[in-house]
Every structure is written in C-alpha cells, then in structure tokens.
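Encoded as structure tokens, the structure appears first; notes follow it.
The values are calculated or read from the model by the stated rules, or taken from the named source; none is laboratory data. The structure displayed is predicted, hence computed values, not measured ones. Glycine also receives a Cβ, built like all others from the backbone with ideal geometry; neighbour counts cover every protein chain displayed. Each accessible area value is taken on the protein alone, full model and side chains, heavy atoms only, with ligands, DNA and RNA left out. Shrake-Rupley method; radii C 1.70, N 1.55, O 1.52, S 1.80 Å.
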Amino acid sequence: MNDYTEEINRRRTFAIISHPDAGKTTLTEKFLLYGGAINLAGSVKGKATARHAVSDWMEIEKERGISVTSSVLQFEYGGYCINILDTPGHQDFSEDTYRTLMAADSAVMVIDASKGVEAQTRKLFKVCVMRKIPIFTFINKMDRDARDTFDLLDDIEKELGIATCPVNWPIGSGKEFKGVYDREKKCVISYADTEKGTKEGTATEIPVAEEDRLRAQIGDDAADKLLEEIDLLDGAGADFDLEAVRAGDLTPVCFGSALTNFGVEIFLKHFLQMTTTPLARKADIGLIEPTQNEFSAFVFKIQANMNKAHRDRVAFMRICSGRFDAQMEVRHVQGGKVMRLSQPQQIMADDRKILSEAYAGDIIGVFDPGIFSIGDTLCSPREKFQYEGIPTFAPEHFARVRQIDTMKRKQFVKGIEQIAQEGAIQIFQEFNTGLEEIIVGVVGVLQFDVLKYRLENEYNVEIRLDSLPYEHIRWIGNKDEVDIGKLTGTSDMKKVKDMKGNPLLLFVNAWSVGMTLDRNKGLVLTEFNKN
Ligand code: G4P
C-alpha cells in the first residue's frame, strides 16, 4: 500500500472494440461528453470531412482521412479517471489494434443491433479471451430496426462463446423503440430522442408493477410482449455473477442508441461499477500489484514519425504500478540503462499534453531515441524485472517484397528490419535460404502502403510488392518435438521462418490448416506467438 492507492484505484482503463460502423466513435464521443472532456468540434475521429482529429500524424493518414494509430483518451466522470483506448478499424486495422488490447484492463464491445457479431469484433474478441479480461457489451442503434433480442444474445453466445447477462432489455426497435427495461430497478426507462450531441434528457422511469402507467406509456402490445419477455428472461437467462464477469466468462449487455444518446449513461454507470481497477500484471518475478509496487510500465506500441519535421518516435507505455513523475529516473530493463524519460506526454485527441505525473492504469507516450522495443519493461532503478512479452499476432496478408534498385540492398534491408522491429510489419524468409527473398506479413492491408511510403520517405528505397495468396499463418507450438523438414502439409503450404528463426507455416485457406493437423499427429499450431 502506498499513499497514491486512491489515485490508482479510481482508474479504469479499457479498450473499445467493434466492427467498423457499429458506432464505436459515436459512443466514445458520448462518453467524453459526460466527462466534459471535449467539445464536439474536436471529436474523436474525422471521417471524410474537416473533423480530422486524434492521430493524424502520418501523412498517409492525412491523405486518406483515416487514423492509422490507436489513440488514447482520458477523462473524469463520477470520481473515476477513465482511460479509453481506441482500436482502429477498417483498412487501418493492424497489429497495433491487437497490442492496444494488451494495455487495457477490460473491453467494451459495441454491436450493431441490426447486424449482430461481425468479423472484426470476432478477431478482437479472441485477444480479449486470451487475456481473460472482462467484456461489456453495448448493443447499439436500437433506434433502427434491430434483430430479435434473443437472437442477438444467442449470436454472441454461439459466435463468441461467452455467456450473456442483459442488464436491461429493449422494448421494440426502430420507429417502435419505446425504451429499455432496467432489470435491477424493475422499471421501464422510456425512450426520448434527445437532441443529438446533448446530454441524456431526463428519462421517465415507470415501475413495471404499475401496469396501467406502463400500458399508457408504451401501449398494450409492447407491454404484453415485454411482460412475457421478462418472464422468459428471469426463467432462462444466466444469473448475474460478478466473478464470472471479471473472469471474462460472462458479458453484461446493455441496449441503447449512441446517436440519440439513449442508454449511454446507464451503460457507463453499470460498466464503471462492474469493471476492475488496474489489474496486476505478470512479470518474471511474479505478479506485480499496481498499488504495492513502485513505478513500472511496459511498452505496447511504437509510433514512428509522428512529426516528420523532427523524425521522432514515440513509445507508448502502460503504467502497471506506482506513480510516474517526469523528474524521476527509471530503469529500462532490456536496454540495461537508468534514465529519465524525455518529454513524457499524454496523447489526448489532437493535443499532446506534457505530463508531470501519471499513475498505474494510465498510458503515456515518451520520446524514443530508437532504444525501445515493443514489450520492453521500465521500472524503478531499485528493481529489475521484466513483464511477460507481448505476443506476436498472426498476419493475414502476405506479399513478396523486392527493392527496385538493386544497388540499394543495404538501405532496403536496414529499413525493412527497423520497421519490423517497431512492430508495424512482420518479415519472414524462406525456410532454407537467407534474406534474398523477403516475405512481409501484415494484419491490415494498409500496413503495406505504410511500409512502401516509409521505405521511400525515410530510407529512400523504392520497392515492389507482389501479393501472395496466403491468409493463414501458424507458429509451431511444439517446435522442439517436430522435425520441420518432415512435415507433410497440403500442396499450398509454405514453410518459412521469422526474424528469430522460429519456423512457421503459411496456408491459403483454413481447410489446409486442418488437413495439415490431421496429417501430422501431435503437431501443435498457434495463432499467437509468445516467444
Ligand atoms: P465506428 O466508429 O464504429 O466506425 O462507427 P461510427 O460511430 O462512426 O458510426 C457509424 C455510423 O453509424 C455513423 O453514421 C453514425 O452516425 C451512425 N450511428 C452510430 N450510432 C448510431 C445509433 O445509435 N443509431 C443510428 N441510427 N445511427 C448510429 P454515418 O452516416 O456513417 O456517419 P456520420 O456522417 O454520421 O459521421
């Protein structure tokens, strides 16, 4: 226990995950509105228009009006200090998106009520499951025609394999959306389409026990249906169990409409009550408790060239224990040096605020003169330990890369290796040959453009990328027990190795992965690599 326990315990650090267009940005904006952290002009993400914001650091982002990097937003609400980690979507989906989840203590999953679980949610969800962090679900766009509520819950349970527990229950959807039933208070909160962008209006609360009032408010048909559904739900649904929520086995579900700002504050309040304070993290000396240890942090993301004029790199770190202050000396464990961190800053929308202090749970960015790598540990000079590494996630797109001017081989190799070290891309080689043939793997296709752009602009090397048909990559979980040369795969399978010499297999489709497993008894293939 130390004297800043209170500061740490009021921190809540979570990532928002969703498929593009489900309403993540809109929900985040509404959260921030409650915290008073923004005026809408500087909103979270600019689409095609002038609302450029947050992380448009790289030229490529500006050209396309999208954000390549994950951003961090901090705001205060109800005595809590909240850190939201945004996970970029669409084309800008990258390994950083996954890594961001390593810095969060819980996740909010936004689902479009007319669509249910979609591809990107599924991918991000897998990482949350691996980490066993609590997941809270907001089913959005109830003001539009939605799928049947029971079907939506069923979809989450079957697709994602997590039990659901509705905190509230929607009454109709689209034009017939009447509000939600709060299961704890046993009352109906009627829907009011408040003026967009304002705080939630004063909702009318009607206890279901007052049936006449209820019928007058929502109509007989909706009331009949609701009463029937409440019966079904109370009889069949999973009981609320906070332990199961904290273990990531049960997701509390709220329904609402982020756009019209209905159900957002209810969700936020429930979420804050149920989610966790900053979690202890695993290190080689055991668990490091946030409030019982001195300062420590790990690097989860490195962003190069945030400001081209200065060719700078910023290392983002998650503080895991204690308090950070800008004057203090810290030990960079992997680099074996004790140092002061330069220009510690909090990245907040399009502002970068120089920080004087921060606590466990917070995310800070520091100037990186090229010494940090993803997964590095920083701690007090009096201590020396290392946090568990950040896994490497399976890329889904592959290309063969060659430099156009063969005279520039040296710059090419240097550039590509540095960019790979930052974690923006992964590079592989043919299993039995050297660096002549480089295969690049990325999680999101935009990373190919980023690679091309950066090699041209930073290393003065033009490249050609020829895309390869592989979509699945697997590390060999038991490589010491397997003779790679003797593996019998499918005809489309390719054996490669990563920068550390780990063997991997590339496949064109999921069927080949299964077939290879069938043909090689005892072979263990993994989608994450913890080496
Ligand atoms: P994302 O970050 O998950 O990609 O989604 P975003 O919030 O940008 O929302 C995607 C679209 O869905 C936006 O419309 C947004 O206004 C709309 N939306 C979000 N929440 C709701 C909701 O509760 N109800 C309804 N009806 N719509 C919702 P857009 O026209 O694509 O963008 P914009 O021009 O409004 O920015």
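Could you list, in sequence order, the residues of the range 165-183 that are open to solvent by 10 Å² or more (accessible area, probe 1.4 Å) and of a type in the set (V, I, T)?
Within the range 165-183, just V167 meets the criteria.
When you scan the range 457-469, do you find a residue that is polar (S, T, N, Q) and open to solvent by less than 50 Å² (accessible area, probe 1.4 Å), even just one? Before the answer, list the steps.
Looking only at the range 457-469, we keep the residues that are polar (S, T, N, Q), and these are 457, 460, 467.
Okay, now just the ones that are also open to solvent by less than 50 Å² (accessible area, probe 1.4 Å), so none.
Among the residues of the range 457-469, not one is polar (S, T, N, Q) and open to solvent by less than 50 Å² (accessible area, probe 1.4 Å), which makes the answer no.
Name the residue that is modelled with the highest pLDDT, counting only residues in the range 184-203 that are open to solvent by 50 Å² or more (accessible area, probe 1.4 Å) and either of a type in the set (D, E) or over 22 Å from L27 (Cα atoms) (or both).
K186
Is it true that some residue in the range 57-64 is within 16 Å of the ligand (Cβ to nearest atom) and at pLDDT 50 or above?
Narrowing the range 57-64 to residues within 16 Å of the ligand (Cβ to nearest atom): 61, 64.
Then drop every residue that is not at pLDDT 50 or above, which leaves none.
No, every residue in the range 57-64 fails to be within 16 Å of the ligand (Cβ to nearest atom) and at pLDDT 50 or above.
Residue by residue through the range 367-390, note down the ones that are touching a Ser or Thr at 6+ places or on another chain (Cβ under 7 Å), open to solvent by less than 70 Å² (accessible area, probe 1.4 Å) and under 25 Å from L504 (Cβ atoms).
Y387
For the range 100-124, enumerate the residues that are open to solvent by 10 Å² or more (accessible area, probe 1.4 Å) and either part of a helix (DSSP H, G or I) or of a type in the set (F, W, Y) (or both).
M102, A119, Q120, R122, K123, listed by residue number.
Kindly list the number of the only condition in (1) more than 11 Å from the ligand (Cβ to nearest atom); (2) at pLDDT below 65; (3) of a type in the set (V, I, T); (4) open to solvent by 10 Å² or more (accessible area, probe 1.4 Å) that fails for T69.
Going through (1) more than 11 Å from the ligand (Cβ to nearest atom); (2) at pLDDT below 65; (3) of a type in the set (V, I, T); (4) open to solvent by 10 Å² or more (accessible area, probe 1.4 Å) one by one, T69 breaks only (4).
Since D498 meets every condition but one in (1) at pLDDT 90 or above; (2) within 22 Å of I438 (Cα to Cα), which condition does it not meet?
Among (1) at pLDDT 90 or above; (2) within 22 Å of I438 (Cα to Cα), D498 violates only (1).
When residues of the range 126-156 are filtered for being crowded, with 22+ Cβ neighbours inside 10 Å and part of a helix (DSSP H, G or I), how many remain?
5
Please go through (1) open to solvent by 60 Å² or more (accessible area, probe 1.4 Å); (2) modelled with pLDDT of 90 or more; (3) within 20 Å of N293 (Cβ to Cβ) for R12 and return the number of the only condition it doesn't satisfy.
(1)
Do we have any residue at all in the range 254-275 that's open to solvent by 50 Å² or more (accessible area, probe 1.4 Å), assigned to a loop (DSSP other than H, G, I, E, B) and under 30 Å from G322 (Cα atoms)?
Within the range 254-275, none of the residues are open to solvent by 50 Å² or more (accessible area, probe 1.4 Å), assigned to a loop (DSSP other than H, G, I, E, B) and under 30 Å from G322 (Cα atoms).
Of all residues in the range 473-510 being among the aliphatic types (A, V, I, L, M) and within 21 Å of G423 (Cα to Cα), which is most open to solvent (accessible area, probe 1.4 Å)?
At the first step, the residues of the range 473-510 found to be among the aliphatic types (A, V, I, L, M) are 473, 476, 482, 484, 487, 493, 496, 499, 504-506, 508, 510.
Checking which are within 21 Å of G423 (Cα to Cα) leaves us with 473, 476, 496, 499, 504-506.
Numbers: I473: 1, I476: 12, V496: 0, M499: 94, L504: 2, L505: 0, L506: 0 Å².
So the residue we want is M499.
Cβ contacts < 7 Å: first residue over 16 Å from P166 (Cβ atoms) and of a type in the set (S, T, N, Q), restricted to the range 258-272; second residue within 14 Å of the ligand (Cβ to nearest atom) and not in a helix (DSSP H, G or I), any location; separation 6+ or different chain. Result?
Between residues of the range 258-272 that are over 16 Å from P166 (Cβ atoms) and of a type in the set (S, T, N, Q) and residues that are within 14 Å of the ligand (Cβ to nearest atom) and not in a helix (DSSP H, G or I), the close pairs are T260/D143; T260/D193; T260/T194; T260/K196; N261/T194; N261/E200.
If a residue must be within 23 Å of the chain's Cα centre (by Cα), part of a helix (DSSP H, G or I) and modelled with pLDDT under 90, how many such residues does the range 409-450 contain?
8
So which of M109, M142 is touching a Ser or Thr at 6+ places or on another chain (Cβ under 8 Å), touching a residue at least 40 places away in the same chain (Cβ under 8 Å), within 30 Å of G361 (Cβ to Cβ) and within 15 Å of the ligand (Cβ to nearest atom)? First the steps, then the outcome.
Numbers: M142 fails: within 30 Å of G361 (Cβ to Cβ).
From the options M109, M142, the qualifying one is M109.
Evaluate the range 229-236: report whether one residue or more is open to solvent by 30 Å² or more (accessible area, probe 1.4 Å) and within 16 Å of the ligand (Cβ to nearest atom). Walk me through how you get there before you give the answer.
Initial filter on the range 229-236 (open to solvent by 30 Å² or more (accessible area, probe 1.4 Å)): 231-232, 234-236.
If we keep only those that are within 16 Å of the ligand (Cβ to nearest atom) as well, we get none.
Among the residues of the range 229-236, not one is open to solvent by 30 Å² or more (accessible area, probe 1.4 Å) and within 16 Å of the ligand (Cβ to nearest atom), which makes the answer no.
Can you name every residue in the range 75-91 that is within 11 Å of the ligand (Cβ to nearest atom) and either surrounded by 23 or more Cβ atoms within 10 Å (Cβ to Cβ) or aromatic (F, W, Y) (or both)?
So the first thing to find is which residues in the range 75-91 are within 11 Å of the ligand (Cβ to nearest atom), and the list is 86-90.
Matches in the range 75-91: D86, T87, P88, G89.
Of the residues in the range 391-408, how many are assigned to a strand (DSSP E or B) and open to solvent by less than 30 Å² (accessible area, probe 1.4 Å)?
So the count comes out to 5.
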